[in-house]
Structure formats: C-alpha cells, structure tokens
Amino acid sequence: MSLDARIPEGPIQQKWDHCKFEMKLVSPANRRKRSVIVVGTGLAGASAAASLGEMGYNVSAFTYHDSPRRAHSIAAQGGINAPKNYANDGDSIYRLFYDTIKGGDYRAREANVYRLAQLSGNIIDHCVAQGVPFAREYGGLLANRSFGGVQVSRTFYARGQTGQQLLLGAYGALSRQVHTNQVRMFSRTEMLDLIVVDGRARGIVARDLVSGKISSHMADAVILATGGYSNVFYLSTNAINSNATAIWRAHKRGAYFANPCFTQIHPTCIPRAGESQSKLTLMSESLRNDGRIWVPKQKGDKRRARDIPESDRDYYLERIYPSFGNLVPRDVASRRAKEMCDNGYGVAGGYAVYLDFADAIQRDGKDSVEQKYGNLFDIYHEITGENPYTTAMKIYPAPHYTMGGLWVDYHLMTTIPGLFALGEANFSDHGANRLGASALMQCLTDGYFVLPYTIGDYLAKPLPHVSEDAGKPIEREVTDRLNILSNASGSQTAMSLHQKLGHIMWDKCGMSRNETGLKEALNDIKTLKETFQKDLKLSTPGQTLNQELERANRVADYIELGELMVQDALTREESCGGHFREEHQTEENEAKRNDENQSYVSAWAYSEKKEAVLHKEALAFDHVKPTQRSYK
Amino acid sequence: MNVILKIWRQPSKDTPGGFETYPVADVSPDMSFLEMLDVLNETLTQSGKEPIAFESDCREGICGTCGLFINGRAHGPGLGITTCELRMRRFKSGETIVVEPWRAKAFPVLKDLIVDRSSFDRIIQSGGYVSVNTGNALDGNTLPIAKTKADEAFDAATCIGCGACVATCKNASAMLFTAAKVSQLALLPQGEVEAQDRVINMVKTMELEGFGHCSNTGACEIECPKQISLTHIARLHREYLKATFK
Ligand SMILES: Cc1cc2nc3c(=O)[nH]c(=O)nc-3n(C[C@H](O)[C@H](O)[C@H](O)COP(=O)(O)OP(=O)(O)OC[C@H]3O[C@@H](n4cnc5c(N)ncnc54)[C@H](O)[C@@H]3O)c2cc1C
Ligand code: SF4
Ligand code: FES
C-alpha cells in the first residue's frame, strides 16, 4: 500500500483553506444519521466529541477513567502556545511554524505544522470564551511567557495548571452535550479492540470495567484520542493508567504505526527514590527560565551543594551553549544531563544534576521566585522532603511524551478508512522532538478545529450497511484473550513484568541508543514475551472489577509495542531529536541527521506471521531548509 | 519502618464489607502512601490473595482520582495534599493506620476502596459550563478581565473533583464542589448570561443526587486538598438568592 498523505495543493498558507473548500459537507439534517465513536476524552477527545455533538452528529464517547475530567491532559503544567504576538516581540504564524519544524529536527510534515500554527490562535479565543481562567496582566489582558527552545513569549498559561484548566473547559463543553444526549458517555469503559468490516473501521469492542461485560459498539467512524505511550518505560511522567492498548490494537488491525522510536525524555523531573517508585514527577520546564543547571567539577564530590564554591561548579549547559544556555530544547538538555552522570559527575547517588535557584533568589528576591514557582517548589518539598529555597533542587531526565503514534494523513485519518487519530495518539506534528507547550496546542487544534471538518468529508460519502453482529467474532476473540489472562497462574505479577520491560527500554532504547544495545533489547523482549505467556500470575478471581486483569492486558500490548520501538530505532540510521544513535554524532557530540537518506516518516505495518513491514513517507522541506540545529 | 494497616474490603457494591488487617514491613519514609499499598498488593498477589482495589492515576495531586479516608481524615494527615501526595514520613513506625473509602450516599462503594463519583459529573452536566459552540469566539483579548477577578476565578477553578469535601462533611454535602464551579463562572463575564439557570440547576441536581445540606461547619475547606475557600459557598448563596428572588 502506498502512503498518500493527501496534502492539498497550493501555497502552504492556503492549503487548509483549499482543503476545506474541496471537502464534501454533511448537511445538518444528515449529521443526525451519522454515528461517531470517540475513544478517549482527554483534550483531544473531549474537544472533538463536544464539537461533533454541537454540529449534530450522533456521538458515543469512551474513557476508562471514572470521569472525562481525569484524563492525563489534566497534568500538563506549563502552558499552550499561540502566535498571537500580544507580546509584540515579532511572533507570527510563520515563526511558530518555523520553530516547530526546526525544534522537531526536520522530521515533521510541513503542511500539517503550518496548519497547526495557523489554527492555534483560535484555541485561546475559544477557551477564553469557555471561561478558562488564563493568567492576566494588571490591565486585564492575557499574559504570556517564554518556554524552552524559542525566543519569543507566546505561551499562554494558567499558573502551573494549564492542562487542568483547558481540560476542564473541554470537559464542560462535553458535559453540555452529554446533558442533551447528543453525546452518550461511557465512563469506566475500555476499548480492547477495533472492529474493521470490509476494510473500514466500523466500531470497537469495549469492556465495562465495573461489571466486566464485553460488548461491541458500532458506528460510521471511529476516532482514537487515547494519548501517548511513555509508560512503555514503566517509570515516566505519565499517569499510571496511561496505556497504548487502543492504538496498538488498531495497529494490529491494519493501522500503520509511525515513528514509534521518537520518544521525548524530559530533562527536569524529580529523580527516582527507590525500587518501589511507581511514577516520576515532572518539574515544569519553566523552571529553566530562572534555575541554573550544574554539577560539581570534581567526580564524586561529597560536599553539600551550597558548600561547593563557584569555581568548583560546572554550569555545563551555559558552558556548551552560550547563546541558549539553560534554555536549550529538551532533547539536548536531557542528553547532556545523562552524559554528565554517565561520566561520573552526577550527584545524589549518581543519577541527578542540580537545578539551582540561589542566584535567582539573590537577584529577584524570594517573593518573586515564590510568585512564579511557588506551587512547584511545594510539590518538590512534599515529595523529597527538601526545601528548594535553601537547597539546590536535584533533577534527572524521565520519559515524558511520545512523538510517534498512529500514522495519519492531512485529514487525520489512519491507513484504515474511517479510523482517525488525534492528539498524542497520532504522530503528526512534532517530528523527532516536541517543543514545550505544543502538545496541548496540537490536541485542541485536532479536536476543535481540524477533525470536525475532515470527518465530514469521509461521512458525506455513502457507507455500506453493516449488521449489528459484525463485531461478534472480535468480541469472542477479546473474551478468549481475557480468559487466558485471568487464569494465569505462574509466579510473576504483571507489575513486575512491566518493570522488567521498563528496564530494557530505558537502558537500551532510551536517551541514547546503539546497534549492539538495540539488538540485545530485541532478544530481551522476546524472552520477556515468553515469560509473560508462561509465568504471569493473577490472583483476583472473576472478571468484574479486576485491576490486575486490566494491567496484565495493557502490559501485554506494551511488550509488543516495545519491540516495534526497538526495530524502528534500529532502522533509523541517524540521530535526530529525541532519537540519538551513538553511531551518528558530530565531533561535538551533537545529533547528526542524515537528510539524504533518512528524511522520512517511518510507517510500520503489522504482520501476524512475519516481522513488521516498514513503509516510508518521504518528507519535503520547501519552506524551512534543514540545517544542523545549533543552540550555541 | 513497619506499619499495620486496617483496610476496608468489600467485594462489590451489593455485598457487605468489613475491615481486614495487614502488617507491612520495611517501609521507606520517602515512599508515597500509595506506593506502600502497591508493595502490599504485590505481596498479596504473590501469595495468591486478592489485592486491594484502590484508584489513582496522575499520582501528583491533580487528577482527583485518588482519595482515601485515612485515620479518620480525607486524604490522611497533612493539609493541602491529596492521598497520592502523602508520604510515609508522616507516620510513625509501628503505627496502626485505618484506611476506608469515601463514605456518602451519593458515592456508593464499587469495590474495596473504590467509590462511584459519577454524581459529580451529573452536577456539572446540569450547568457547570458556558454554552459556547466551537467557532463562535471573539479574539481572546476583546474583553479585559481584572486580574484580581481572574485570579479569584482561578482559585475556584482549581477544584480537582476528588470528593474529599463530601467525605469530610457530616451531612455529605457537595456544596464546596458545586460552589467552586458556580463561583468561578460567576466571577467571569463569560459566565454571566447563564448565571441564574446555572446555580438553580446545579443546586437542584446536587439535591437529587442525594448529597446532604450544607450546615456551614467548614470542615470541607480544611480538608480540601486545593484549599477551596468557603467564600465560594457564600458567593453561591448570593447567586442563588439573586436567581430565585427576581
Ligand atoms: C506531567 C506532564 C506535563 C505536561 N505539560 C505540558 C505542557 O505544559 N504543555 C503541553 O503542550 N503539553 C504538556 N504535556 C503533554 C500533554 O499533556 C499531552 O500530550 C496531552 O495532554 C495528551 O492529550 P490527549 O488528549 O492526546 O490524551 P490524554 O489526555 O492522555 O487522554 C487519553 C484519553 O484516552 C482514554 N483512553 C486511553 N486508552 C483508552 C482505551 N483503550 N479505552 C478507553 N479510553 C481510553 C483515557 O481514559 C483518556 O480519556 C505534559 C505531559 C505530562 C506528562
Ligand atoms: S472542593 Fe476540594 S475537596 Fe471538594 S472536590 Fe473540589 S478539590 Fe476536592
Ligand atoms: S492520583 Fe491524581 S490526584 Fe491523586
């Protein structure tokens, strides 16, 4: 199958208008007759479900959470970008487009990214209208700040809780549709498989997590907005229930998986404290605006941070990157921290570096620092028991975001007609590295402003009739799979097997990768897969509310996805963004891209019997010429 | 450190429950309370016993999923934190810790420590939003909003919907939760148009869902992990009066 991204004709500035004009429309009277399933009610899913409901479509929305308000989007701290140029600092749609392509290390599709930049301003307007309490200046107008990797102030924020406020806005809009029955809400219901009939997505098989009942739900189109897969690493900044089952099952039914190895490791997280650690906590990137990152110049220096004099400290980011300093993009900051620690300069047991506010407090006063970062400092204090106002924070990189996801075309449709993917679940806009405050922007652009149009083009055409029973065979497959899992009587828990997978992925397919390690990882994962099949143990009887069963099912999918990530990392013979292959680096240890041969999106097709098959979508850069990223 | 847990176990909504005792050894003070429960659950599974059902997701105090009644307090000892933010250093070695689910008529127990809080969703569905369709908005800066108002609205908007206020209240009232939303939207010009219907419908739903009356005891404010202030309840009352005595 050849990949057609359906990029519209014309100059980049007009592509979206062009596309909107060319697309077929569904008349308001006909929308009522069209049914859509939305799986996931985070920012991307809730905004899509609400907008489709407002337009008059018949919508069913699914989430495994007890309420749409709990989706992982709620945890986003820092902010959301839009090139409003309210700061009067020369921002523009073109600059946001340029920054995103460059930040993504030239592995994203220009047309998609341009549209993202174009539409992002509408999000701010819409969210303000919903009553989202963005930060404001004393004059009553919206406030902006700058965020890692760019030099303009285009980030809108709501203290350190931007994701929460945006999600509650979308949740409100969704609730309004649920109230009028335009959207049927299925909470605590997990999608476990996709129903494909005659090559089209026609429904899902889902499990009621309280009663355990498995049933199929049919529709004219299915949208997956199920979030990212960072939890493949076991420890990440994602919520502990975040998982890849929906997109992985769709992949196994024919949707191509794009750039699975493009994962983002966030530089500023609280280091892990012990074996029983269940997740890692992010400290917002905004901290790098005022905090200075350093390690002792002397390996294994046992002195307390504040006792180490200036002359014995290495502010390595400021040293290596004089012009961006502590504000280099995430991938660069993370990799340098790892390098420092690998070379023996790490503190607190070797896996941490300092993020120090002493200078900022001296310069601006404690009050000013507290104003900006108070709640983050409180979180840090609560977790570590240390006071960051008096002791330098300790931080270490952690898996945070996945740029990879289901392959989608310009319409956000996957390779299965009728199956769409939005938000972090698709691969579309961030290339090999995502810039801060751009994920929220993408989720809401997809859900509010792109999908509601593009889905019309699909639904306007006649669809073959399918019987209500078409999903039964898949329902039975799912039931059998769960029966096998719930009777597992080996000796290892799903959690411990997940931990093992995490170790493999972090050690060999994490911040830096090499051929030997990746090949080992493939073997390790094969062994783990066998162990999972032979030695899994569950102790919760029955299939009603059964958290062990939920977990085991997700871990099984993670193991398979992990394997594909490693395969992808092996075939991508270059370093770009979050994908650092040690074999491909410059003399100064910077990522070395291979634009001649590797300027493509990898799109993997699943194969039951054989290895996954790699398809390539070639990328063209007509507007932003790929250059070696330099932050020096 | 070592602790002894007395935990509420209940197989399902319609089956009666009771306390069971579990000793947990070698607990590190830096562990979170929920990680300590994870460790206990791993040992239970290993020994073929059914692990304890409890909920959590973000594990950083923002999603509102977690919520346990620990030693008689919603979210346990400490102010301004959720259960997932609670660390074991707040307990003494050898201590007996009693762990229960939220108890309220409108929050039925589903299993062990998991309760059904969908009644909160229905309160929001009855009016906790501004009715604006996608595509209708003006430029975000068209309408200036005084920073003090925006900040106060923000304070109300930080409610995470955890239900600690209900669990703490002797009447199991959802007044603080409802007021937080009513107050946020009452403070903003965008919320004005629908203000009267909103407050009436949300209060009505709250009663229909089986939440009790607010008797102004103020326990909710103390146990609320986001320290939502009672002033929002006062604002709800004013809004309610405005809406009913026209
Ligand atoms: C700690 C943290 C901070 C962040 N800060 C920022 C920031 O400041 N700015 C920024 O731009 N981005 C930030 N991000 C990234 C951003 O938050 C996410 O990329 C984004 O919120 C993802 O939204 P989503 O709608 O795609 O998915 P999610 O919000 O993860 O929602 C997924 C939804 O899918 C449902 N679901 C999943 N699988 C199934 C299934 N099988 N069946 C049924 N339902 C299912 C879930 O229940 C949920 O409703 C941050 C991320 C983290 C982890
Ligand atoms: S008001 Fe406070 S206690 Fe009540 S639900 Fe909201 S955050 Fe929880
Ligand atoms: S798990 Fe999210 S608030 Fe505790």
Subject >> residue A:166 vs. criteria more than 9 Å from chain B (Cβ to nearest Cβ) and without any contact (Cβ under 8 Å) to a residue 60 or more places away in the chain >> reply: no
**OP:** Give me a count of the residues in the stretch A:290-330 that are open to solvent by 10 Å² or more (accessible area, probe 1.4 Å), aromatic (Phe, Trp, Tyr) and closer than 18 Å to residue A:393 by Cα.
**Re:** 1
Original post:
Which of the residues belonging to the stretch A:48-79 are crowded, with 24+ Cβ neighbours inside 10 Å, part of a helix (DSSP H, G or I) and among the charged types (D, E, K, R)?
Top reply: A:69, A:70
Original post:
Tally time: how many residues in the stretch B:29-71 are open to solvent by less than 50 Å² (accessible area, probe 1.4 Å) and either within 14 Å of residue B:114 (Cβ to Cβ) or part of a loop (DSSP other than H, G, I, E, B) (or both)?
Top reply: 24
Original post:
Applying the selection to the stretch A:560-580, what residues are over 15 Å from residue A:611 (Cβ atoms) and surrounded by fewer than 21 Cβ atoms within 10 Å (Cβ to Cβ)?
Top reply: A:573
**OP:** For the stretch B:102-147, enumerate the residues that are of a type in the set (A, V, I, L, M) and under 17 Å from residue B:182 (Cα atoms).
**Re:** B:123, B:124, B:130, B:132
**OP:** Would you check if there is a residue in the stretch B:162-169 being of a type in the set (A, V, I, L, M), more than 12 Å from ligand 2 (Cβ to nearest atom) and open to solvent by 10 Å² or more (accessible area, probe 1.4 Å)?
**Re:** no
Subject >> Residues of the stretch A:283-329 that turn out to be in a helix (DSSP H, G or I), touching a residue at least 60 places away in the same chain (Cβ under 8 Å) and acidic (Asp, Glu), as a count >> reply: 1
**OP:** Exactly one condition in (1) more than 23 Å from the chain's Cα centre (by Cα); (2) more than 30 Å from residue A:189 (Cα to Cα); (3) outside any helix (DSSP H, G or I); (4) modelled with pLDDT of 95 or more is not met by residue A:611; state its number.
**Re:** (4)
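Each row is one residue, and each column tells you yes or no for (1) under 21 Å from the mean Cα position of the chain (by Cα); (2) modelled with pLDDT of 95 or more; (3) within 20 Å of residue B:147 (Cβ to Cβ).
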residue: A:111; (1), (2), (3): yes, yes, no
residue: A:114; (1), (2), (3): yes, yes, no
residue: A:129; (1), (2), (3): no, yes, yes
residue: A:133; (1), (2), (3): no, yes, yes
residue: A:171; (1), (2), (3): yes, yes, no
residue: A:178; (1), (2), (3): no, yes, no
residue: A:185; (1), (2), (3): no, yes, no
residue: A:189; (1), (2), (3): no, yes, no
**OP:** Give the residue, chosen from A:199, A:212, A:274, A:254, that is free of Cβ contacts under 8 Å to residues at least 12 places away in the same chain and either closer than 29 Å to residue A:480 by Cβ or open to solvent by 10 Å² or more (accessible area, probe 1.4 Å) (or both).
**Re:** A:274
Original post:
Which members of the stretch A:39-63 meet the condition of being more than 18 Å from the chain's Cα centre (by Cα) and either hydrophobic (A, V, I, L, M, F, W, C) or over 21 Å from residue A:120 (Cα atoms) (or both)?
Top reply: A:49, A:50, A:52, A:53, A:55, A:56, A:57, A:58, A:59, A:60, A:61, A:62
Original post:
Out of A:178, A:128, A:183, which single residue is of a type outside the set (Gly, Ala, Ser) and either within 16 Å of ligand 3 (Cβ to nearest atom) or more than 9 Å from chain B (Cβ to nearest Cβ) (or both)?
Top reply: A:183
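Yes/no matrix, rows are residues, columns are (1) within 30 Å of the chain's Cα centre (by Cα); (2) in a loop (DSSP other than H, G, I, E, B); (3) among the hydroxyl-bearing types (Ser, Thr, Tyr); (4) away from chain B (no Cβ under 14 Å):
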| residue | (1), (2), (3), (4) |
| --- | --- |
| A:17 | yes, no, no, yes |
| A:20 | yes, no, no, no |
| A:29 | no, no, no, yes |
| A:36 | yes, no, no, yes |
**OP:** Considering each of A:114, A:138, A:157 in turn, give the residue that is closer than 25 Å to residue B:62 by Cβ and either open to solvent by 10 Å² or more (accessible area, probe 1.4 Å) or of a type in the set (Asp, Glu) (or both).
**Re:** A:157
Original post:
more than 27 Å from residue A:121 (Cα to Cα) and within 14 Å of another protein chain (Cβ to nearest Cβ), is that true of residue A:155?
Top reply: no
Subject >> the stretch B:70-89, subset without any contact (Cβ under 8 Å) to a residue 40 or more places away in the chain and within 13 Å of chain A (Cβ to nearest Cβ), residue farthest from ligand 2 (Cβ to nearest atom) >> reply: B:77
Original post:
Just checking, how many residues over the stretch B:116-148 are open to solvent by 30 Å² or more (accessible area, probe 1.4 Å) and in contact with a Pro (Cβ under 9 Å, 6 or more places away or on another chain)?
Top reply: 4
Subject >> Check on residue B:26, closer than 23 Å to residue A:210 by Cα, assigned to a loop (DSSP other than H, G, I, E, B) and more than 9 Å from chain A (Cβ to nearest Cβ) >> reply: no
**OP:** Residue by residue through the stretch A:373-391, note down the ones that are crowded, with 19+ Cβ neighbours inside 10 Å and more than 14 Å from chain B (Cβ to nearest Cβ).
**Re:** A:373, A:388
Original post:
Among the residues of the stretch A:453-468, which ones are at pLDDT 95 or above and not in a loop (DSSP other than H, G, I, E, B)?
Top reply: A:453, A:454, A:455, A:456, A:457, A:458, A:459
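The values are calculated or read from the model by the stated rules, or taken from the named source; none is laboratory data. Treat the numbers as computed from the prediction; the structure is a model and nothing was measured. Cβ sites come from the backbone with ideal geometry, for glycine too, and all protein chains shown count toward neighbours. Ligands, DNA and RNA are excluded from the accessible area calculation, which covers all protein heavy atoms including side chains. Shrake-Rupley method; radii C 1.70, N 1.55, O 1.52, S 1.80 Å.
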